Amino acid sequence: RRGFAVLGKTETMEVIRNKVAESGIITLDPAKIFEVSVPLSFDLKEYLLHGFVLKEQDFRQQLKSYDWSVYSGKLVALHCSNDAIIASWAWMLVTTYVVGAGGTCRFGSSEEVKEADQLEAVTNWDIAPFDGKRVIVKGCGDQTISPAIYTAMTTKLVGVVKTLMYGEPCSTVPVFKKK
């Protein structure tokens, strides 16, 4: 309690304590921990005749005249947004141009590639600081987190944490408690 004066009177007021901060609970935000850049998209559909037919000579000419420098230092998601059947060599050819420009390629939509990068980050995540701790995995945020990320995080954390919860410090759902 602290005293303070108001117009000559002495009043006492209880100090507000942050019990969450004092509890030792660690809050993890997957969106911040496993933040990866959104890959640039390269859609092969744009290089197909009528959106479905790959004509090798035309395709090669289009790739040669393309400005690949936009992919320098970037992660590129290679995909085809329709149901065309694409020969494997076509993906390989596009990859050589992206890599030649200093980029990195992954096959799949932008969301699939982003999720794969996040899963790789979870795999390489050092969980030693959470050994024996009470941990909350944040559930609300500006970004949608794939259930695959929550599953991978839980798989790693269950082996070391004392308790694992989901949500926010003011409202959690218990997930795991070490016996």
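What's the number of the only condition in (1) farther than 30 Å from Pro169 by Cβ; (2) surrounded by 15 or more Cβ atoms within 10 Å (Cβ to Cβ) that Glu115 fails to meet?
(1)
Identify all residues within the range 92-128 that are free of Cβ contacts under 8 Å to residues at least 24 places away in the same chain and in contact with a strand residue (DSSP E or B) (Cβ under 8 Å, 6 or more places away or on another chain); write none if there are none.
Thr95, Val99, Ala116
Out of (1) open to solvent by less than 70 Å² (accessible area, probe 1.4 Å); (2) outside any strand (DSSP E or B), what's the single condition that is false for Arg60?
(1)
Out of Val36, Val70, report the one residue that is of a type in the set (A, V, I, L, M, F, W, C) and in a loop (DSSP other than H, G, I, E, B). Walk me through it before giving the result.
Numbers: Val70 fails: in a loop (DSSP other than H, G, I, E, B).
Within the list Val36, Val70, the selection yields Val36.
Only one of these is in contact with a Gly (Cβ under 9 Å, 6 or more places away or on another chain), surrounded by 15 or more Cβ atoms within 10 Å (Cβ to Cβ) and among the basic types (Lys, Arg): Arg106, Arg134. Name it. Lay out the reasoning, then the answer.
Numbers: Arg106 fails: in contact with a Gly (Cβ under 9 Å, 6 or more places away or on another chain).
The conditions single out Arg134.
Determine, yes or no, whether Cys105 is assigned to a strand (DSSP E or B), under 19 Å from the mean Cα position of the chain (by Cα) and of a type outside the set (Lys, Arg).
Numbers: assigned to a strand (DSSP E or B): yes; under 19 Å from the mean Cα position of the chain (by Cα): yes; of a type outside the set (Lys, Arg): yes.
Yes, satisfied.
The values are calculated or read from the model by the stated rules, or taken from the named source; none is laboratory data. If you're wondering where the values come from, they're calculated on a predicted model, not measured in any experiment. Note: ideal-geometry Cβ built from the backbone for every residue, glycine included; neighbour counts use all protein chains shown. Keep in mind that these areas ignore ligands, DNA and RNA; they rest on the heavy atoms of the full protein, side chains included. Shrake-Rupley method; radii C 1.70, N 1.55, O 1.52, S 1.80 Å.
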